[in-house]
Amino acid sequence: MHVLIIPSEEFVPKHNHAIGIFQYHQAAVLQNAGYKVGALSITQEYSAPMLFKSLSYKLLNKKTGNKTDEQPFMKVLGLLNKKLFTPQVFIEEDRVGDINVIRIEGFYYMPPSDYTNIYGWVRAGLLAFKKYIDKYGMPDVVHAHNAMYAGILAKAIKQQYKVPYIITEHSTLYARGMINDNRLKEELRKAYLSAKGVYAVSIPFCKLLGDTFGGVKFDYLPNVLDPYFESASYEGSGITDRKEFIFLNIAELHPKKNHKLLIDAFALLKKDAKYSSAKLWVAGKGTEYDNLKELIKGYGLESDIILLGLLNREDIRNTIKKSDAIVLSSDFETFGVVLIEGMLFGKPVISTSCGGPESFVTDANGIVVEKQDTQALSIAMQQMIDRYGSYKAEEIRNYVIAEFGADRLVERLNAAYKAA
């Protein structure tokens, strides 16, 4: 079977290999299982109003304050001409691992907005799709990740080429209340209704989407373990017996991940001398770095809370092995991949009830607490230390492989694709 994957973000671009990584993991698993797999990667750059404004300002010898100021008049004019009349020149062929990828830099034909972006995104996507089928042949099914905008593009492909598609939703935009344009909601609804299957990555997320789009039924189709992690050696993992107890958090340093809650809860834990040996490692980068550093300093916990920065996959794997438990303090998650990565190495987990982890965190592998509750999270950290010896590392690992490993994903996707 030939499957074309279309993410709504880029597909593992060279400038940031973390973007689209979940979609790549699925593609790699499918490829290893004998499927023919390809991907489209679509971005948008520049808008018609921006370039027209730049040209007029250059005639007046004025600056617009955007990146076209450093470009000469004729170069901007040529860029506008290409964007409007020969957008196919922005197509590139690429390969990520064993996956063939067609990339295209699209155009904002109108001032960017969630709704008006649809036109340029779909136009660029159809050009990329035409290039893909010319090069690699017609896919049997399209797998769009998020309706905004991959699902909307998949609907246009179905209308033009009669290729069926399914949609998997990952986006936290719904839980965060960030999709408010009724015109956009209607386009998303149309994309869902035209699909041959619509899925979400957690059971609570299925319910949220079902409530948001009445009349559309969302089925559960969770994320997959990174094959690099699943194939890694388990040696040196599992339940440890050290003097220090290390909690590990891996997440973008962004307000929605609520690291302040985590640090506040850890500081409360440290007030009890019984837990003086506890440590907290935080891996990731983002806009909250300086604020978190100041918060840690304010608590006087610089030696107990370590900001590790951005880690590569090998470092993440090794850091998980060195830790004792994974803790996630997010306000919003559609799944919570870092938790299953920790469980893969036999680590119990703590998570807030943030929309995704409730699907798979159980008493046997961890603790779930209400989000934005400092005391509850601190108590959970105490309980994790006190009860640590009762967790069974091998059982945790076996559970997560059985539920989220490559074989289980192929089984689920094979059923979804055949149905489509």
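The values are calculated or read from the model by the stated rules, or taken from the named source; none is laboratory data. Fair warning: this is a prediction, and the values are worked out from it, not measured in the lab. Positions of Cβ are generated from backbone atoms using ideal geometry, with glycine treated the same way; all protein chains shown enter the neighbour counts.
Among the residues in the stretch 34-56, are any in contact with a His (Cβ under 7 Å, 6 or more places away or on another chain) and surrounded by fewer than 17 Cβ atoms within 10 Å (Cβ to Cβ)? Talk me through it step by step, then tell me what you get.
Going residue by residue through the stretch 34-56, those that are in contact with a His (Cβ under 7 Å, 6 or more places away or on another chain) are 36.
Subsequent filtering for residues that are surrounded by fewer than 17 Cβ atoms within 10 Å (Cβ to Cβ) retains 36.
So far as the stretch 34-56 goes, yes, one or more of its residues are in contact with a His (Cβ under 7 Å, 6 or more places away or on another chain) and surrounded by fewer than 17 Cβ atoms within 10 Å (Cβ to Cβ).
Would you be able to tell me the number of residues in the stretch 10-40 that are in contact with a helix residue (DSSP H, G or I) (Cβ under 8 Å, 6 or more places away or on another chain) and over 14 Å from V410 (Cα atoms)?
Within the stretch 10-40, residues that are in contact with a helix residue (DSSP H, G or I) (Cβ under 8 Å, 6 or more places away or on another chain) and over 14 Å from V410 (Cα atoms) number 6.
Would you please name the residue that is nearest to M381 (Cα to Cα), looking only at residues in the stretch 328-355 that are polar (S, T, N, Q) and in a loop (DSSP other than H, G, I, E, B)?
The first filter runs over the stretch 328-355 and keeps only residues polar (S, T, N, Q), leaving 329-330, 334, 351-353.
Then drop every residue that is not in a loop (DSSP other than H, G, I, E, B), which leaves 329-330, 334, 353.
Working: S329: 12, S330: 15, T334: 23, S353: 15 Å.
Once the filter is applied, the top-ranked residue is S329.
Take the residues of the stretch 186-201 that are part of a helix (DSSP H, G or I) and over 21 Å from the mean Cα position of the chain (by Cα): which is surrounded by the most Cβ atoms within 10 Å (Cβ to Cβ)?
Start the filter on the stretch 186-201 by keeping residues that are part of a helix (DSSP H, G or I), which leaves 186-194.
Retained after the next criterion (residues that are over 21 Å from the mean Cα position of the chain (by Cα)): 186-187, 189-190, 193-194.
On the way: E186: 11, E187: 21, R189: 16, K190: 14, L193: 12, S194: 18.
Step by step, filter the stretch 186-201, then rank; the result is E187.
For I379, work out the one condition from (1) among the aliphatic types (A, V, I, L, M); (2) modelled with pLDDT of 95 or more; (3) buried (at least 18 other Cβ atoms within 10 Å of the Cβ) it doesn't fulfil.
Just one mismatch for I379, condition (3).
If a residue has to be in contact with a helix residue (DSSP H, G or I) (Cβ under 8 Å, 6 or more places away or on another chain) and either outside the structural domain of L328 (by TED's automatic domain parsing) or not aliphatic (A, V, I, L, M) (or both) to count, how many in the stretch 288-308 make the cut? Steps first, please.
Start the filter on the stretch 288-308 by keeping residues that are in contact with a helix residue (DSSP H, G or I) (Cβ under 8 Å, 6 or more places away or on another chain), which leaves 288, 291-292, 295-296, 299, 301-302, 304-305, 307-308.
Right, trim to either outside the structural domain of L328 (by TED's automatic domain parsing) or not aliphatic (A, V, I, L, M) (or both) and you get 288, 291, 299, 302, 304.
Residues meeting the conditions: 5.
Collect the residues in the stretch 78-108 that are surrounded by fewer than 19 Cβ atoms within 10 Å (Cβ to Cβ) and hydroxyl-bearing (S, T, Y), keeping them in residue-number order.
Listed by number, the list holds a single entry, T86.
Just give me the residues in the stretch 279-288 being of a type in the set (A, V, I, L, M, F, W, C) and either buried (at least 21 other Cβ atoms within 10 Å of the Cβ) or without any contact (Cβ under 8 Å) to a residue 40 or more places away in the chain (or both), in sequence order.
L280, V282, A283
Please find, within the stretch 383-407, the residue that is farthest from V224 (Cα to Cα) out of those that are surrounded by 17 or more Cβ atoms within 10 Å (Cβ to Cβ) and not aliphatic (A, V, I, L, M).
Y391
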